[in-house]
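Engineer: Here it is, the structure in full.
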Amino acid sequence: MNYSTVAVRVLFLASTFAGVSGCAHAPQNATPTTSGRKLTVQSGTLPASWYAGGKEKNDRPEFQIHAYNDDLYILRQAAYSNYEKPFLYLIFGRDRAILFDTGAGNVNVADAVLKVVQQWCAKHGRASIPLVVAHTHGHGDHVAGDAQFANREGVTVVGKDTASVRKFFGIAHWPDDAVTFDLGDRVLDILPIPGHQAASIAIYDRRTTLMLTGDTFYPGRLYVRDGVAFTNSIQRLVDFTKDKPVAHFLGTHIENRATPFEDYEVGTVDQPNEHVLELTRAQLVELDDALKQMNGKVVKKVLRDLTVWPVTP
């Protein structure tokens with residue numbers, strides 16, 4: 001299949017994307033726009049299980065693809081290709097789409113993603129739509145597929161380093177600023193949350209009220225490389241969501257079992273009894289409280305649904 005028609009043009013970067021024209025009608029159930037016009041929140045569904053299989057392929061596709069709704073897709077990499085089994089997120093607006101993360105390698109992520117893009121375009125009567133490829137953070141199991149998107153017509157790949165993230169999203173003061181990124185009648189809030197990794201960001205989708213938190217907050221081992229930055233980042237997430245609805249917090253891995261206080265060992269491929277992907281604000285506040293009790297010195301702490309796990313540089 002030829003995916004060169006995914007977009008009719010390469011997206012030119014502007015921090016606010018003012019003046020970028022679209023070629024489709026605005027959805028009727030979008031979120032508040034930059035003009036302050038309030039529209040209906042768009043709901044969606046999550047599967048009861050994200051089982052990614054074991055070491056054998058057994059006809060399992062490289063990615064499990066789930067439509068949260070018509071305009072947001074979640075992809076999970078199969079276990080046989082990489083034990084990390086990361087999640088990727090593909091979000092569509094009127095003027096452009098954005099993919100967060102490109103997987104852990106050993107798979108054809110571009111074909112999987114661009115097939116979804118083509119299907120979305122066909123369903124919406126579009127010939128194409130520009131695609132931005134960005135990242136929740138810069139670790140290898142989330143950027144391994146970047147090269148597959150390079151030099152494709154209509155695709156913009158954001159660098160994985162902090163400077164590239166700052167430049168693309170227009171973040172003047174890192175990590176203190178929160179900025180907006182408009183896909184076209186679909187506003188995302190971009191919140192820097194370094195601590196797990198220097199270029200980590202969280203993404204709040206106003207249309208669905210989902211918050212994507214990368215490897216900073218998910219049901220598993222929260223590896224902390226900078227204790228102060230991580231503690232501050234969790235506080236930023238708590239503060240940011242204090243006056244906002246959040247349907248779910250969605251990270252990029254599942255490492256905990258469904259059994260409380262238990263995780264799978266590092267490197268586990270087959271995880272048949274996984275925790276659900278989604279977390280709640282109550283669990284975020286619990287994490288925030290645990291970090292505050294550490295008084296700046298982050299230590300290993302096992303909570304019901306996740307573990308704080310310091311990493312020595």
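Engineer: Against the conditions (1) within 30 Å of Val224 (Cα to Cα); (2) surrounded by 22 or more Cβ atoms within 10 Å (Cβ to Cβ), where does Leu72 fall short? Just the number, please.
Structural biologist: (2)
Engineer: Just give me the residues in region 225-268 being farther than 25 Å from Tyr68 by Cα and part of a loop (DSSP other than H, G, I, E, B), in sequence order.
Structural biologist: Passing the criteria: Arg225, Asp226, Thr259, Pro260, Phe261, Glu262, Tyr264, Glu265, Val266, Gly267, Thr268.
Engineer: Right, another one. For region 61-96, how many residues meet the condition of being in contact (Cβ under 8 Å) with a residue 24 or more places away in the chain, closer than 15 Å to Gln118 by Cα and assigned to a strand (DSSP E or B)?
Structural biologist: 6
Engineer: So which residues in region 295-313 are within 16 Å of Ser233 (Cα to Cα) and exposed (fewer than 15 other Cβ atoms within 10 Å of the Cβ)?
Structural biologist: Within region 295-313, Asn295, Gly296, Lys297 meet the criteria.
Engineer: Does Asp141 meet the test of being among the acidic types (Asp, Glu), part of a loop (DSSP other than H, G, I, E, B) and in contact (Cβ under 8 Å) with a residue 12 or more places away in the chain?
Structural biologist: Judged against the criteria, Asp141 is not a match.
Engineer: Sort out which residues of region 263-275 are touching a strand residue (DSSP E or B) at 6+ places or on another chain (Cβ under 7 Å) and surrounded by fewer than 19 Cβ atoms within 10 Å (Cβ to Cβ), and write them in order of number.
Structural biologist: Scanning region 263-275 gives a single hit, Asn273.
Engineer: Can you tell which of Gly170, Gly145, Gly125, Gly140 is out of contact with any strand residue (DSSP E or B) (no Cβ under 9 Å at 6 or more places or on another chain) and closer than 30 Å to Ala229 by Cα?
Structural biologist: From the options Gly170, Gly145, Gly125, Gly140, the qualifying one is Gly140.
Engineer: Which residue, of Ala172, Ala198, is without any contact (Cβ under 8 Å) to a residue 12 or more places away in the chain and surrounded by fewer than 20 Cβ atoms within 10 Å (Cβ to Cβ)?
Structural biologist: Criteria check complete, one pass: Ala172.
Engineer: Every residue in region 209-245 that is touching a Ser or Thr at 6+ places or on another chain (Cβ under 7 Å), of a type in the set (A, V, I, L, M) and either surrounded by fewer than 18 Cβ atoms within 10 Å (Cβ to Cβ) or more than 25 Å from Leu72 (Cα to Cα) (or both), please.
Structural biologist: Once the filter is applied, which keeps residues that are touching a Ser or Thr at 6+ places or on another chain (Cβ under 7 Å), of a type in the set (A, V, I, L, M) and either surrounded by fewer than 18 Cβ atoms within 10 Å (Cβ to Cβ) or more than 25 Å from Leu72 (Cα to Cα) (or both), region 209-245 yields only Leu222.
Values quoted throughout were computed directly from the atomic coordinates according to the rules given, and no laboratory measurement underlies them. Note that this is a predicted model, so its numbers are computed, not measured. Don't worry about glycine lacking a Cβ; one is built from the backbone with ideal geometry, like all the others, and counts go over all protein chains shown.
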